[in-house]
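Below: the structure, in structure tokens.
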Amino acid sequence: MPALTYAYGAFVAIGGMLGYLGRGSKASLGWGLLFGTIICFSGLRMKDRGPGVRGYPYALALLSSACLAGLSSYRFIKTGKVWPMGVLMAISIAMSLRYTAHFTVYNDLYEYGI
């Protein structure tokens, strides 16, 4: 799971950098690096399976990927362009489902009182 998370975080961060280089969008650079860093940090913490670490990296990655899925869905519907927003939307939805599956398989939601 961490390898997919690292690849996803790198995809998001590189996409933000390319958005800055291609169109000069500082917002794309900032948000891409922020979300890419958060997702890669989550992947780093996913390797630790000790007490108190079980669920929060997955919750953080799920929250980040769900936010990216929502934002990219809005932009995809608004512009209709498959690249880059349609691709980011599809990957973010897939990763959100992957992180959600972790909670159903490992039952880590008890840490959050759910």
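The values are calculated or read from the model by the stated rules, or taken from the named source; none is laboratory data. As the structure is a computational prediction, the values presented were derived from the model and not from experiment. All Cβ positions, glycine included, derive from the backbone under ideal geometry; neighbour counts span all protein chains shown. To get the accessible areas, we keep the full protein, side chains included, count just its heavy atoms, and leave off ligands, DNA and RNA. Shrake-Rupley method; radii C 1.70, N 1.55, O 1.52, S 1.80 Å.
Given (1) under 21 Å from ALA90 (Cβ atoms); (2) at pLDDT 95 or above; (3) among the hydroxyl-bearing types (Ser, Thr, Tyr), where does SER28 come up short, assuming only one miss?
(2)
Starting from the range 88-99, take each residue that is under 9 Å from LEU62 (Cα atoms) and list its partners that are at pLDDT 95 or above, counting only C-beta distances under 7 angstrom and pairs at least six apart or across chains.
Partner pairs satisfying both residue conditions: MET95/TYR8; MET95/SER65; SER96/SER65; SER96/ALA66; SER96/ALA69; TYR99/SER65.
For the range 42-65, does any single residue satisfy the condition of being over 17 Å from ALA94 (Cα atoms), open to solvent by 80 Å² or more (accessible area, probe 1.4 Å) and assigned to a helix (DSSP H, G or I)?
yes
Could you check the range 90-114 and list, in sequence order, the residues that are modelled with pLDDT of 75 or more and touching a Gly at 6+ places or on another chain (Cβ under 9 Å)?
Answer for the range 90-114, where residues must be modelled with pLDDT of 75 or more and touching a Gly at 6+ places or on another chain (Cβ under 9 Å): SER92, HIS102.
Filter the range 66-84 down to the residues that are modelled with pLDDT under 90 and assigned to a helix (DSSP H, G or I), then identify the one that is surrounded by the most Cβ atoms within 10 Å (Cβ to Cβ).
Within the range 66-84, the match that is surrounded by the most Cβ atoms within 10 Å (Cβ to Cβ) is PRO84.
Give the residues of the range 1-49 that are within 19 Å of THR100 (Cβ to Cβ) and small (Gly, Ala, Ser), sorted by residue number.
Across the range 1-49, the qualifying residues are ALA3, ALA7, GLY9, SER42, GLY43.
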